[in-house]
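Written below as structure tokens is the structure these notes are about.
Rule-based calculations on the coordinates, nothing more; no lab input. This structure is a prediction, so every number in the text was calculated from the model and none was measured. Reconstructed Cβ throughout: ideal geometry from the backbone, glycine too, with neighbour counts over all protein chains shown.
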Amino acid sequence: MKKITAYLRPFQLDAAKTAVAEMGISGLNIADARGCGNSPEATMILGAVEMRSSLPMRSRITIVVPDELLDDVVQTLIESVRTGKPGDGKIFIEPIVEAVRIRTGERGKTGL
């Protein structure tokens with residue numbers, strides 16, 4: 001099993017959720033996040049004041065998938081949110097040792 005953590009622009013969240021749901025994946029976590037990567041600071045205009053946002057808002061999606069679905073899910077996420085411009089986001093992949101469903105005690109893939 002692998003954990004996929006994707007950081008993307010908030011307005012792209014619905015497209016990413018829909019694309020993953022169309023693959024039959026329903027288990028995911030979504031959270032708001034702030035952070036920056038290699039892109040330069042963004043400039044925002046609030047009223048008549050120009051401000052720099054050093055830590056822009058991002059949405060974080062976390063999905064745990066079986067190894068055999070990993071490449072398809074990652075490719076689907078990329079295709080659903082890529083604009084080709086700086087700030088499109090990042091995807092991180094980590095191994096998961098085990099999953100346990102608390103309600104039933106199921107372990108492994110059945111615990112997803």
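Computed over the stretch 2-111, relative contact order equals 40 percent, with contacts defined as Cα pairs under 8 Å that lie 6+ residues apart.
Here LYS85 is the anchor, and the lysines within straight C-alpha reach of less than 22 Å, apart from those fewer than 8 places off in the same chain, are LYS17. Of all the Cα-Cα pairs you can form in the stretch 2-111, what percent are over 22 Å apart? More than 22 Å apart: 40 percent of the Cα pairs in the stretch 2-111. Against the main long axis of the alpha-carbon atoms of the chain, helix 13-22 sits at an angle near 20°.
Any idea what angle helix 70-81 forms with the longest principal axis of the chain, computed on alpha-carbon atoms, 0 to 90 degrees, nearest 10? Compared with the principal axis, the helix lies near 30 degrees.
Model label sites at PHE11 and ASN29, defined 7 Å from Cα along the beta-carbon direction, differ in position by 2.8 nm.
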